[in-house]
Amino acid sequence: MYLATTGRRDAPPTPSGVRRRVSGTVLALGAVSLVTDVSSEMVTAVLPLYLVLGLGLSPLQFGFLDGLFNGATALVRMLGGHLADRGGRPKRVAGFGYALSACSRLGLLLASGAATGIAAALAADRLGKGIRTAPRDALITLGSPPDGLGRAFGVHRAMDTTGALLGPLAAFALLWATADAYDAVFVVSFCVGLVGVLLLVVLVPSDGSTTAVGAGVRPAARVRGGSDRGPGGRHLLRSAAFRRLLAATALLGAATVGDAFVYLLLQRRYDLAVAWFPLLPLGAAAVYLLLAVPAGRLADRIGRRRPFLYGHLALLLGYALLLVPDGGPGPLLLVGVLALLGVFYAATDGVLMALAGPLLPEGRRATGLAAVQTVQALARLGAATGFGAAWTLWGPGTALVLALGALAAAVGCAWRLLPSDALTEGTPS
Amino acid sequence: MTRRPTRTRLWALALAVLLLGCGAAGYTLRAAQRAGASRPSADASLTLDGTGERLFVRDTATGRVALAGRDGTRRTGGPVCDRFHAAGPTALCLQRRPGVPARAYAIVLDRRLHEVRRIALPGIPNRARVSASGRVLSWTMFATGDSYATSAFSTRTSILDLRTGYLVKDMEQIPLTLEGRRHHAPDVNYWGVTFARDDNRFYATVSTDGRTYLVEGDLRAWSARALRANAECPSLSPDGTRIAFKKKVSDDPKSPWRLYVLDLRSGREQPLADRRSIDDQVLWLDGRTLAYGHAGDVWAGPADGSGAPRVLARGASSPAMVR
C-alpha cells in the first residue's frame, strides 16, 4: 500500500532534538513532502470512487491500471536516481518530479472521464513520484551529518506521514462541502501540489550549494562505514557492504505480504463495518508518525542495523498476532497489529535510507538509494502477488503461516548479511 | 547554516501561496454553489397514482425519478435517486450520500412519493426491488472496502418487511443449502433479490468460492437453497413461472454476461435475442416483455428469445412498471 510513502509530521523541529537539530535542508524537504503528500493522498483517497462511481470503470480495470503503474514506478526510480547523479543536480530532478505529479491533477481534470486521458494522468503522477524519490533522499543525506542521518530521515518521514494523514481528510471535507464535486478535489490538489514545488524551489538550497551544506557540518560524502570500496569506486556493486545490504533488503521485502492483506485479515476477523475499513491504515500511520523521529534517533545512537532488524521483528510479531485463534483479546489484538505495523515502518523506512546513505559515494548516492528502493519495491510486489496466490489456493490461514515462516527466515539471513555501520555503531550520540 | 533564501524570494513565495490558496478556495466555493443549485425539491404532482400501466425511470440527466410516456415524453419531478424501483403503493429510492467512504440511504416512499422511512447504510447502491404488493423490499449495496483482495466488489443485501417493520441489514447469515448440504463460508455474498407474489418466497444470487448460484429462499422459514449455478440478478416473471437472469458467458471483462430466461418447471434456459453484455436486474414489463438498462438507455425485448431489442427510454436507467 502507500503507507511506505506516507508520512510526515512534526512541524516544529525542536521537540526532542534539544542539542542538535536537523538541518534546514531536511526541514525544507520535509515541508515539501508534507505539502505534496496532502496533494497526492487527496487524489489517492478519492480516485477509486471517482473512477468506479463517477465513470463506471470496473474495479478490475482500475486494479489493473493501478498495479501496472505501481510496478512501473519502481523502474522509474532508477532513472531518477541516475539523472540526479549524472547531472549532479538532484534538486532539479526532484523538482521536475514534483511538478510532473502536480500537473497530473490538471490532466485528471481535463480528461473529464476519457479513459485514456485518465490513464495518462495516472502515469504522469507515478512517473513524477518515481523520479523525485531518490534525488530527494539523496538531498537529505547530503544535507545531514552522517551520524544524524537516522534522525534526519525520521523527521522527514514524520512530516511526510503528516501530509498523508491530512490529505484524505481534506479530500473528505471537500467532497462533503461540494456534494461530490471531484473536480474541486483535483483543482485543490493541483494548487497544493504547486505550493510544494514552490517550497522546494525557494527553500531548498540550489544544487550548486548542496555540497556546501553537508560540508558545513562534516563532509557527509567522504565518511562511510564498513565499506571495502575505494573512494574512487565507480561501480556501486563493487562495494561488498552495499551488495549485502541490497540482498538483505530483497530478502526482507520478499517476505512482506503487503499492508492491504493485513487490513483485510483484520477486517474479516472483526467483521468491521466497511465504513471503518479506510481508518485501519490511518491507525498504523499515526503510530508511524509518532515513532519515526524516536526511531531515527535511536538508529543514530545504537547503529541503524539493529532498529532495522527489530522493525522486521515487530512485523513478524504482528503476523503472529493475526494467527492467534478467535476468541482472544479482541480489540487489543487489533490495536496491537496496527501498532506493530506502525513500529515496523518507523523502524525501517527512513532507517533503511540512513543505513544505505553512508555506504554510497556522493556522486552515486541517488542512484544507490534508488537501487535500494527499487529492489525493495519489486520484492514487495512479488511478495504481495505470491501471498495473494497462496491465499486463493490454500486460504488466508495457511498463507499467513507461510508468510510468517518466510519472514522469520529472511530476518535470520538479514541478521548475518547486513553490514554493521561501524561509523555509528557504539558511538555515543 | 545554509545560504538563506533572499527576502524577495520569500515574499514571492508567500504571495504565490496566497494566490494559489485563493484560487483553490474560489473553485471550491463555486463547486459548492453549483451543488446547491442542482438540488431541487421533488415536484409534488409526480406520484405513483394513476390509471393503467406507467413506466418510471431514473432520468440520467437530472438523476431524478421520471414518468416515461409511451411517446418518448418524460415528466421529471421525482426524488433524486441512484437506483429506483416501485410496485403497488411503494417506491424504493437508493441515494448515494456524498463523501468518502461510500455511504447511501435506502429511502422508502409512499404512493405520493413522500418519504416514509430512511435507512443509512455503507456502500454504493446497486440493486433495488419492491415486491408486487409493495410490502417487502430488498436492496443491494456494493461494499467498496472489501475489494482489496479480489477483483470483485463484495455486496451487502438487505431485506425490509413493511408489514412488521423488520429490517435484515445483511442477509449473509441466512442458512444456505448448497448441493444438498448446509454451506458455511466466510465469502458468501448475496445480491439481486426478487420476490414472489406471496411476499414470502424469493430468489437471489449467491456467490461463494468464486461461483454464483441462483437460490430460492423462504422469508418466514429464513432459509435458502441453491437451485443452479451461474445465474445472477434474477427477476421473477409476473406469473411466477420463469426467471430472467444474467449468465456469465465469457471471461472477457468487457462483455461477461448474457441475458437468459429460465423456465422453473422444465429447467430449460433460453437466451434472449440481445447478444450484448447486460449488467442489470431485468424488469418484466408484462408476461412477454423484458426491460433493462444498458449503456445509458432503457431497452426492451421479447422474453422468449425472439425479435430484437428496442430503446424504451433514452438517457434513463432503473425501469419500474407501476400498475
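The values are calculated or read from the model by the stated rules, or taken from the named source; none is laboratory data. This is a predicted model, so every value here is computed, not measured. So basically every Cβ, Gly included, is an ideal-geometry build from the backbone, and we count neighbours across all protein chains shown.
If you go through segment B:287-303 one residue at a time, how many are in contact (Cβ under 8 Å) with a residue 24 or more places away in the chain and surrounded by 14 or more Cβ atoms within 10 Å (Cβ to Cβ)?
9
Those residues that are within 14 Å of chain A (Cβ to nearest Cβ), in contact (Cβ under 8 Å) with a residue 24 or more places away in the chain and in contact with a Lys or Arg (Cβ under 7 Å, 6 or more places away or on another chain), I need them from segment B:84-101; list them, please.
B:LEU94
Going through segment B:121-138 one residue at a time, which ones are buried (at least 23 other Cβ atoms within 10 Å of the Cβ) and under 16 Å from B:MET321 (Cα atoms)?
Selection gives B:ARG127, B:ALA128, B:ARG129, B:VAL130, B:SER131, B:LEU137.
For segment A:387-408, give me each residue that is at pLDDT 85 or above and either under 24 Å from the mean Cα position of the chain (by Cα) or part of a loop (DSSP other than H, G, I, E, B) (or both).
Across segment A:387-408, the qualifying residues are A:PHE387, A:LEU400, A:ALA403, A:LEU404, A:ALA406, A:LEU407, A:ALA408.
With the structure loaded, tell me whether B:THR194 is of a type in the set (Val, Ile, Thr), within 22 Å of B:SER133 (Cα to Cα) and out of contact with any Gly (no Cβ under 8 Å at 6 or more places or on another chain) or whether it fails that test.
In short, yes.
Can you give me the ranges of the strands (runs of 3 or more DSSP E) entirely in segment B:167-213 with at least 2 residues that are in contact (Cβ under 8 Å) with a residue 40 or more places away in the chain?
It comes to B:176-178, B:189-195, B:201-208.
In this structure, is A:VAL372 more than 28 Å from A:VAL93 (Cβ to Cβ), touching a helix residue (DSSP H, G or I) at 6+ places or on another chain (Cβ under 9 Å) and modelled with pLDDT of 90 or more?
In short, no.
Mind counting the residues in segment B:67-79 that are among the aliphatic types (A, V, I, L, M) and either at pLDDT below 85 or surrounded by fewer than 18 Cβ atoms within 10 Å (Cβ to Cβ) (or both)?
Adding up the residues that qualify gives 0.
Between a residue in segment A:174-198 that is facing chain B (nearest Cβ under 7 Å) and any residue that is among the aromatic types (Phe, Trp, Tyr) and part of a helix (DSSP H, G or I), which pairs come within a Cβ distance under 6 Å, given they are 6 or more apart or on different chains?
A:ALA184/B:TYR27; A:VAL187/B:TYR27
Testing A:GLY163 on (1) surrounded by 24 or more Cβ atoms within 10 Å (Cβ to Cβ); (2) more than 9 Å from chain B (Cβ to nearest Cβ); (3) farther than 26 Å from A:GLY81 by Cβ, one condition comes back false. Which one is that?
For A:GLY163, the exception is condition (3).
Which of the residues belonging to segment A:409-429 are at pLDDT below 90 and either crowded, with 20+ Cβ neighbours inside 10 Å or of a type in the set (S, T, N, Q) (or both)?
If the condition is that a residue be at pLDDT below 90 and either crowded, with 20+ Cβ neighbours inside 10 Å or of a type in the set (S, T, N, Q) (or both), then A:LEU418, A:PRO419, A:SER420, A:ASP421, A:THR424, A:THR427, A:SER429 are the ones that fit.
Checking the conditions here, which among B:ARG7, B:ARG39 is surrounded by fewer than 16 Cβ atoms within 10 Å (Cβ to Cβ), at negative phi, at pLDDT 85 or above and among the charged types (D, E, K, R)?
B:ARG7
Can you tell me which residue among A:GLY382, A:GLY386, A:GLY363, A:GLY395 is at positive phi and outside the structural domain of A:PRO145 (by TED's automatic domain parsing)?
A:GLY395
Being out of contact with any helix residue (DSSP H, G or I) (no Cβ under 8 Å at 6 or more places or on another chain) and either outside any strand (DSSP E or B) or free of Cβ contacts under 8 Å to residues at least 12 places away in the same chain (or both) is true for just one of B:ARG258, B:ARG265. Which residue is that?
After ruling out the rest, the residue left standing is B:ARG265.
Only residues that are surrounded by 22 or more Cβ atoms within 10 Å (Cβ to Cβ) and part of a strand (DSSP E or B): list them for segment B:90-120, please.
B:THR90, B:ALA91, B:LEU92, B:CYS93, B:LEU94, B:ALA104, B:ALA106, B:LEU109
Select from segment B:248-283 the residues that are touching a Pro at 6+ places or on another chain (Cβ under 7 Å) and hydroxyl-bearing (Ser, Thr, Tyr) and write down the one among them that is modelled with the lowest pLDDT.
B:SER250
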